[in-house]
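Heads up, the thing below is written out as structure tokens.
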Amino acid sequence: MAITKSIEIAKIEVVNTWSIQVATDTVVKEDDTEIGRSRHRHVLKPYSGSTKDSDDKWTHTDTDISAEATEVQAVANAIWTDTIKSAYKTWAEAQ
């Protein structure tokens with residue numbers, strides 16, 4: 001009786017131009033028969049933080065995608081162009 005657990009990417013969606021929504025499934029199997037599955041979602045944006053200092057200068061911290069699956073990294077690298085990043089900065093600074 002072998003119990004295994006794996007994580008599978010169920011869906012990668014681009015939402016609102018720059019947001020990437022990732023759905024992953026954790027699958028538990030006993031002797032190759034699935035006995036459990038749970039879904040987790042998270043959203044990635046081009047910058048993990050945007051802050052304004054006391055001199056009214058903005059700092060935008062790039063989102064670290066190195067721990068993401070290669071498929072997610074490929075999508076992020078494809079859609080987060082300089083134009084999209086600039087649009088996100090403008091949006092974040094207007095909030």
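Under a Gaussian network description of the chain, with springs only between Cα atoms under 10 Å, the residue in T33, T17, T83 that fluctuates furthest is T33.
Across the range 3-94, Cα pairs under 8 Å and at least six residues apart give a relative contact order of 21 percent. Here the spin labels are modelled as points 7 Å beyond Cα on the Cα-Cβ line, and at D82 and V15 they lie 3.0 nm apart. Note on M1/D64: beta-carbon distance plugged into 1/(1 + (r/R0)^6) with R0 of 35 Å gives a FRET efficiency of 0.35.
Distances between placed amide hydrogens fall under 5 Å for A10 paired with A23, T24, D25, all partners being 5 or more residues away or on another chain.
Between 0 and 90 degrees, the angle of helix 70-79 with respect to the longest Cα principal axis of the chain falls at about 30 degrees.
What full-extension length gain, to one decimal in nm, is calculated for V28 and K52 as 0.36 nm per residue of separation minus the Cα-Cα distance?
Values: separation 24, 0.36 × 24 = 8.64 nm, distance 4.45 nm.
Residue separation times 0.36 nm, minus the Cα-Cα distance, leaves 4.2 nm.
Across q = 0.12, 0.18, 0.22, 0.25 Å⁻¹, the chain modelled as identical point scatterers on its alpha-carbon atoms has Debye log10 I(q)/I(0) values of -0.51, -0.84, -1.07, -1.24, in the order of the q list. Here the chain is treated with +1 on each Lys and Arg Cβ and -1 on each Asp and Glu Cβ, and its dipole about the Cα centre works out to around 240 debye.
Values in this text are rule-based calculations from the coordinates and carry no lab data. Predicted, not measured: the structure shown is a model, and the values here were computed from it. Note that we place each Cβ from the backbone using ideal geometry, even for glycine, and neighbour counts take in every protein chain shown.
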